[in-house]
Structure formats: structure tokens, C-alpha cells
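Comments concern the structure below.
The values are calculated or read from the model by the stated rules, or taken from the named source; none is laboratory data. In this text, all values refer to a predicted model and were calculated from it rather than measured experimentally. Using ideal geometry, Cβ is built from the backbone for each residue, glycine included, and neighbour counts are taken over all protein chains shown. Surface accessibility is based on the protein's heavy atoms, side chains included, excluding ligands, DNA and RNA. Shrake-Rupley method; radii C 1.70, N 1.55, O 1.52, S 1.80 Å.
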Amino acid sequence: MQVITRDFFLYLSKNKALNRAAQNWGGNIAAGKIVGGLDFPSSIKFIKELNEEGLSVTVDHLGEFVTSHEIARERTAECIQTIENIAVQGLDSQVSLKMTSLGLDIDKKLVYENMTRILDIAEKHHIMVTIDMEDEQRCQKILDIFKDFKQRYTYISTVLQAYLYRTEDDMKDLNQYNPFLRLVKGAYKESAKVAFPDKADVDENYKKIIKMHLLNGNYTAIATHDDAMIDYTKKLVKEHHIPTTQFEFQMLYGMRTATQKELVKEGYKMRVYVPYGNDWYGYFMRRLAERPSNIAFALKGMTQK
Ligand SMILES: Cc1cc2nc3c(=O)[nH]c(=O)nc-3n(C[C@H](O)[C@H](O)[C@H](O)COP(=O)(O)OP(=O)(O)OC[C@H]3O[C@@H](n4cnc5c(N)ncnc54)[C@H](O)[C@@H]3O)c2cc1C
């Protein structure tokens with residue numbers, strides 16, 4: 001039943017007509033609950049509140065299904081504006097973005113142009129830009145882009161997903177760059193040809209890559225809401241005397257807020273992923289796929305702030 005629900009929401013997440021309808025509808029669905037706001041200025045309030053509670057942030061301008069050079073350039077301009085705003089407002093925030101939103105499905109040259117413009121500004125303000133990982137078909141392209149830019153820029157990082165068979169090898173390959181990596185279990189619908197079908201295997205691989213990356217001496221963001229993975233990390237860092245400056249926990253905005261604050265109290269660095277923008281549909285559906293009880297939570301968000 002759980003698998004059917006997950007597959008259903010992941011299927012819906014790719015529906016372009018529903019995505020368009022959601023954008024036209026706009027509204028305040030989940031805004032202030034799992035999405036910061038419909039634009040960056042309206043998200044600043046939420047980011048400041050999080051910062052005041054000792055939580056760091058990474059913001060993501062929501063946007064999928066980019067189909068023209070023009071939209072990809074608009075997304076790039078939005079990202080640059082956000083980085084400038086973070087610097088001017090003195091926010092404790094990084095930026096996350098998707099290569100598809102910069103034009104990955106349209107033209108490689110366009111992505112390189114857009115990324116160069118973004119990273120030039122990020123480098124100037126010392127603001128980390130993390131390339132989110134998307135579905136497996138785009139994984140190699142995204143890693144190639146990351147590796148190219150990593151040779152020229154410091155403030156760039158990316159994500160590896162524990163559910164993919166290839167991830168252990170990718171981590172070995174990326175090690176030469178001493179990268180800052182966000183490690184996640186993986187959010188897309190993948191076939192058993194490329195990803196572990198059983199959750200227990202995903203969890204084991206997640207532990208394995210957390211250990212590998214930390215013991216390689218690299219900065220590691222452990223992005224999960226799973227207590228078992230958080231406890232595993234706490235034990236591991238204690239055993240290997242890994243300083244708290246070498247890793248951080250990350251969670252999504254609106255999820256497990258009490259745990260986020262507890263981790264800060266315990267002295268760990270905690271970063272909250274705050275998405276914003278009116279293209280919230282795909283993000284929202286993936287969150288429902290992970291945890292259908294988010295439905296009730298989000299429906300509440302439609303009626304209250
Ligand atoms: C900051 C961040 C960035 C991410 N970036 C990417 C990315 O770039 N690419 C990508 O593919 N995926 C990304 N993800 C999503 C990720 O891959 C997982 O799909 C998502 O985090 C769900 O897996 P999980 O590890 O949190 O726990 P799950 O395996 O979903 O759940 C394990 C257990 O954790 C607990 N739990 C989970 N969620 C909740 C909740 N909301 N409230 C209470 N308990 C809960 C429950 O006990 C549950 O049984 C990101 C996730 C985070 C947190």
C-alpha cells in the first residue's frame with residue numbers, strides 16, 4: 001500500500017498539466033508550512049526566524065519543467081538576485097538549485113553560461129551553491145557539470161543519493177575534489193535496474209556513504225529526517241573524533257521542527273532547506289510520496305499561516 005501511494009504521488013509529480021494548473025492557481029498552499037513563500041522577499045521573514053533560532057538555511061527557488069532559454073535565464077537571474085539579497089540582508093543562508101531549472105534539458109551551453117554567472121556572484125559573496133541531484137537519467141550529466149565547475153570555483157557542492165547502485169563509485173570518483181557533499185536517500189521513482197528497491201538496503205548504503213565521506217575527511221551534510229541515521233552519525237563522529245565543524249545535519253523546512261531545534265541545542269550544525277516560489281507542485285508531490293501524512297499538514301497550510 002505504502003509503495004502504491006509513493007508511486008502514485010511520484011507519477012503525479014511529473015504531470016505538466018497539473019503543474020501548470022497549480023501555478024495558475026497560485027494560492028498559499030503550504031506556504032509558511034513547507035514552502036517559505038511565493039517569492040524570496042516573502043521568505044526572508046521565515047529565514048530570519050530560523051537564523052534567530054540558531055538554524056542555518058539553504059534556499060531553493062522552486063522550478064521544474066523549464067522548456068525555453070528565456071525561462072532558464074529568468075531562473076538564473078532570480079538565483080543571482082537571491083544571492084545578492086542574502087548578502088545584503090546578512091542572512092545565514094546558502095543556495096540550492098536544479099540543473100534542469102537552468103536549462104539542462106534544453107542546451108548544455110546554456111547551463112554552463114547560467115552556472116558561470118551564478119557562481120561568479122556566489123564566489124564574490126562566499127555563498128555556497130549546492131546542485132540538487134535529480135533523477136538517475138540526469139545524474140551523470142549533473143556530476144560532470146559539478147566536476148567541471150569544481151576545478152574553478154570553491155563555493156559549489158552537490159548531492160549523492162544512497163538509493164543508487166552507482167553512488168559508492170561516484171563518491172570514490174569525487175573524492176579527488178575533496179567536495180562538500182549533501183548525502184540523501186533519494187526522492188525520485190527509479191527502477192530496480194539502477195536503485196535498491198528495498199528500503200533496508202537504501203538505509204545500509206546511506207550509512208556506508210556517510211561513513212566513507214566523513215572518514216575521507218570531507219565536509220558532509222547528512223540530509224535526513226530519520227532518527228536512525230542521525231543517531232548513527234552521532235555515534236560514528238564520536239567514535240572517530242570527527243569535529244562538529246566537519247559535518248552538518250539538514251532537514252526540509254516544516255519537517256521535524258522540534259528535532260531541528262534539539263540538534264542545535266546539542267551543539268550540532270543544522271541547516272534547513274527552504275523552498276520558495278509559485279512552482280511548488282513537483283516539490284510538494286515528492287514530499288507527499290515520502291510521507292502521505294504530510295497531506296493533512298499541508299492542507300492545514302492552505303487555510304492558516
Ligand atoms: C535538506 C534536504 C535536501 C534534499 N535534497 C535532495 C536532492 O537533492 N535530491 C534527492 O533526490 N532528494 C533530496 N532530498 C530528499 C531525500 O532524498 C529523501 O527523499 C527524504 O529526505 C526522505 O528520506 P529521509 O531520509 O528523510 O527518511 P525516510 O526514509 O523517508 O523516513 C525514515 C523515517 O524518518 C522519520 N521521518 C521521515 N520524515 C518525517 C517527518 N516529516 N516527520 C517525522 N518523522 C519523519 C520516520 O520515522 C520515517 O520512518 C533532500 C532531503 C533533505 C532533508
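Quick check on the range 201-217. Is at least one of its residues more than 12 Å from the ligand (Cβ to nearest atom) and assigned to a loop (DSSP other than H, G, I, E, B)?
yes
Select, from THR220, THR257, THR224, the only residue that is polar (S, T, N, Q) and more than 25 Å from GLY282 (Cβ to Cβ). Give the derivation first.
On the way: THR257 fails: more than 25 Å from GLY282 (Cβ to Cβ); THR224 fails: more than 25 Å from GLY282 (Cβ to Cβ).
Every option except THR220 fails the conditions.
Consider THR233 carefully, then state whether it is buried (at least 21 other Cβ atoms within 10 Å of the Cβ), at pLDDT 95 or above and of a type in the set (Val, Ile, Thr).
Values: buried (at least 21 other Cβ atoms within 10 Å of the Cβ): yes; at pLDDT 95 or above: yes; of a type in the set (Val, Ile, Thr): yes.
Spelling it out, THR233 is indeed buried (at least 21 other Cβ atoms within 10 Å of the Cβ), at pLDDT 95 or above and of a type in the set (Val, Ile, Thr).
I'd like to check something: does the range 109-132 contain any residue that is in contact with a helix residue (DSSP H, G or I) (Cβ under 6 Å, 6 or more places away or on another chain), assigned to a helix (DSSP H, G or I), of a type in the set (A, V, I, L, M, F, W, C) and under 22 Å from ILE209 (Cα atoms)?
Looking through the range 109-132, none of the residues is in contact with a helix residue (DSSP H, G or I) (Cβ under 6 Å, 6 or more places away or on another chain), assigned to a helix (DSSP H, G or I), of a type in the set (A, V, I, L, M, F, W, C) and under 22 Å from ILE209 (Cα atoms).
Given the condition among the polar types (S, T, N, Q), closer than 22 Å to THR58 by Cβ and open to solvent by less than 10 Å² (accessible area, probe 1.4 Å), answer yes or no: does some residue in the range 236-249 qualify? Walk me through it before giving the result.
We begin by selecting, within the range 236-249, every residue among the polar types (S, T, N, Q); these are 244-246.
Next, only the ones that are closer than 22 Å to THR58 by Cβ stay: 244-246.
In the following step, the residues that additionally are open to solvent by less than 10 Å² (accessible area, probe 1.4 Å) were identified as none.
For the range 236-249, residues among the polar types (S, T, N, Q), closer than 22 Å to THR58 by Cβ and open to solvent by less than 10 Å² (accessible area, probe 1.4 Å): absent.
If a residue has to be surrounded by fewer than 19 Cβ atoms within 10 Å (Cβ to Cβ) and not polar (S, T, N, Q) to count, how many in the range 186-222 make the cut?
Looking only at that region, the number is 18.
On the given criteria, is TYR283 at pLDDT 75 or above, open to solvent by less than 70 Å² (accessible area, probe 1.4 Å), among the hydroxyl-bearing types (Ser, Thr, Tyr) and out of contact with any Ser or Thr (no Cβ under 6 Å at 6 or more places or on another chain)?
Values: at pLDDT 75 or above: yes; open to solvent by less than 70 Å² (accessible area, probe 1.4 Å): yes; among the hydroxyl-bearing types (Ser, Thr, Tyr): yes; out of contact with any Ser or Thr (no Cβ under 6 Å at 6 or more places or on another chain): yes.
The answer is yes for TYR283.
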